[in-house]
Amino acid sequence: MQIKIGDIISSQIEIKDLKQKDVALALNISYSTFNNYVCNVRLPDIETTLKICKYLDIDLCKTYNINPTTELLLNKQEAKLIRLFRTVDSKFQSKLMEVIQNLINTLYEK
């Protein structure tokens with residue numbers, strides 16, 4: 001499965017809880033052009049790709065599978081879960097991890 005730049009841009013926008021129009025405006029790209037990138041209708045040129053990646057903190061090596069430790073692309077639910085997780089302090093994060101692990105263990109006991 002080939003990962004497309006638009007999917008990565010979309011995932012990062014979701015993780016950062018941004019709007020496409022706001023990112024396009026910040027990068028001085030028309031909304032329709034930016035939306036075409038996000039929807040994988042068009043590919044941005046290298047300069048635009050660099051600008052988008054810098055703004056959204058996207059690692060180009062991971063984007064183009066140059067690094068063998070590339071992480072999986074997050075779907076919208078996973079991105080939302082991570083965004084919510086990051087809103088709480090570390091003590092609550094630890095407790096939440098415990099609860100989730102216990103819930104998984106309970107649900108999948110054999």
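The values are calculated or read from the model by the stated rules, or taken from the named source; none is laboratory data. Please read these numbers as outputs of a predicted model, since none were measured by experiment. For neighbour counting, all protein chains shown are included, and Cβ atoms are generated from backbone atoms with ideal geometry for every residue, glycine included.
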Collect the residues in region 72-110 that are of a type in the set (A, V, I, L, M, F, W, C), within 25 Å of Ser10 (Cβ to Cβ) and part of a helix (DSSP H, G or I), keeping them in residue-number order.
Ala79, Leu81, Ile82, Leu84, Phe85
Is it the case that some residue within region 16-31 is assigned to a helix (DSSP H, G or I), in contact with a Gly (Cβ under 7 Å, 6 or more places away or on another chain) and at pLDDT 90 or above?
no
Selection from region 54-110 of residues that are at pLDDT 85 or above and polar (S, T, N, Q):
Gln77, Thr87, Ser90, Gln93, Ser94, Gln101, Asn102, Asn105, Thr106
Within region 1-24, work out how many residues are in contact with a helix residue (DSSP H, G or I) (Cβ under 8 Å, 6 or more places away or on another chain) and surrounded by fewer than 13 Cβ atoms within 10 Å (Cβ to Cβ).
3
